[in-house]
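**Q** First the structure, then my questions, so here it is.
The values are calculated or read from the model by the stated rules, or taken from the named source; none is laboratory data. All figures in this text were calculated on a predicted structure; none of them were measured in a lab. Don't worry about glycine lacking a Cβ; one is built from the backbone with ideal geometry, like all the others, and counts go over all protein chains shown. Remember, those area values only see protein heavy atoms, side chains included, never the ligands or the DNA or RNA. Shrake-Rupley method; radii C 1.70, N 1.55, O 1.52, S 1.80 Å.
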Amino acid sequence: MQHGKYRFIAGFLALPVILYAVFVISPFVQAIYYSFTDWTGLSSDFEMVGFKNYDWLLHDDIFWKAVGHNVLLLLVVPLVTLGLGLFFAFMLNVGGRGRKNAAVSGVRGSSLYKVIYFFPQVLSIAIVALLFQFTYNPRNGAINAFLGGIGLDALQQQWLADPKLALWCLMAVMVWSNVGFYVVLFSAGMSSIPKDFYEAALLDGANRVKTFFKITLPLLWDTVQTGWIYMGIIALDAFAVVQIMTVGPGGPADSTQVMGYYVYTKTFHDGQAGRATTIGVAMLIVTLVFAVIVTRLGRRERLEY
């Protein structure tokens, strides 16, 4: 049984490792290499410039503004999205009133609600961004029309044209488009938790809030941690909503500029692919640091049931 074991394992791993190296590792290595050049992205001619691009990056105001926006997205979008996903999933699975055949159950019509919540996930982010671009239109958009229709004209805003509101408008779209996926994901996790746990907790006098924090959240922690990393990566990107929805794009006055779109601007608008890859390297570092922090801070003893 042991004879040729390692050759057998190596034979199965060789092709996936080669493909991963070619299509994942190789682009990263090339990006790091080009970040030390003055490559325009339009020509095969370039020269090594050392750390000149990184020196430019450290002193570029727009880059640091984009970093600040990405950090804000990183803090707000995952927290709100996962929080709403956990709340709705809990209500759909164990938040309803007890019935004759079950002491613990979800709200009535929970299956229909899951379909409704998941619907935005069926739409591509481009379609979602276009829909909300029209919704936020200050002249004939649905939000201002609704506010005007109920006599709240004083609350009508410029939305995407207001530097103070534009980024928050994008956050709302990102939350709306992703929360349904986590409702279904967390619902699947909660459905695998034995109902006996909840019934025992209710018999001991625990309310819904306490059962959530003492039973549901600890048993779903691995799923929540994975979802946090995934949502963090989405928040660090945010390219599509900025490209489609905002003024400029990236405006007004760079109020919605993010690192992902800044890479695009430097490459295709300014013809400075070397500097663009430098920003890409910075995004890689921020993503890795974020993943490590979430993994370390979220490390808990694994609970089995």
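**Q** For region 44-67, which residues satisfy the criterion of being open to solvent by 90 Å² or more (accessible area, probe 1.4 Å) and small (Gly, Ala, Ser)?
**A** Residue satisfying the conditions is 44 alone.
**Q** Within the set of pairs 6+ apart or on separate chains, which have a first residue in region 115-132 that is outside any helix (DSSP H, G or I), a second that is open to solvent by 50 Å² or more (accessible area, probe 1.4 Å) and among the small types (Gly, Ala, Ser), and C-beta atoms under 7 Å apart?
**A** none
**Q** Output the residues belonging to region 235-272 that are β-branched (Val, Ile, Thr) and touching a helix residue (DSSP H, G or I) at 6+ places or on another chain (Cβ under 7 Å).
**A** 241, 242, 244, 246, 247, 256, 258, 263, 267
**Q** Looking at (1) at pLDDT below 90; (2) open to solvent by 30 Å² or more (accessible area, probe 1.4 Å), which is the only condition residue 267 fails?
**A** Tallying (1) at pLDDT below 90; (2) open to solvent by 30 Å² or more (accessible area, probe 1.4 Å), residue 267 fails exactly one: (1).
**Q** While we're looking at this one, here's another question. Do you know which residues across region 3-28 are surrounded by fewer than 10 Cβ atoms within 10 Å (Cβ to Cβ) and of a type in the set (Ser, Thr, Tyr)?
**A** 6
**Q** What pairs can you find where one residue is in region 217-233 and closer than 18 Å to residue 88 by Cβ and among the hydrophobic types (A, V, I, L, M, F, W, C), the other is assigned to a helix (DSSP H, G or I) and open to solvent by 40 Å² or more (accessible area, probe 1.4 Å), and their Cβ atoms are less than 9 Å apart, with a gap of 6+ or different chains?
**A** Close Cβ pairs (under 9 Å, with a partner that is assigned to a helix (DSSP H, G or I) and open to solvent by 40 Å² or more (accessible area, probe 1.4 Å)) amount to 219/197; 228/79; 231/79.
**Q** Within region 69-119, track down each residue that is open to solvent by 20 Å² or more (accessible area, probe 1.4 Å), of a type in the set (Val, Ile, Thr) and modelled with pLDDT under 75.
**A** Across region 69-119, the qualifying residue is only 107.
**Q** May I ask you to say which residue of 23, 51, 63, 12 is over 27 Å from the mean Cα position of the chain (by Cα) and modelled with pLDDT of 90 or more?
**A** 51
**Q** Is there a residue being over 30 Å from residue 215 (Cβ atoms), in a helix (DSSP H, G or I), at pLDDT 90 or above and in contact with a Leu (Cβ under 6 Å, 6 or more places away or on another chain) anywhere in region 161-181?
**A** yes
**Q** Can I ask one more? Any idea which of 164, 195 is open to solvent by 50 Å² or more (accessible area, probe 1.4 Å) and farther than 25 Å from residue 70 by Cα?
**A** Testing whether each residue is open to solvent by 50 Å² or more (accessible area, probe 1.4 Å) and farther than 25 Å from residue 70 by Cα leaves just 195.
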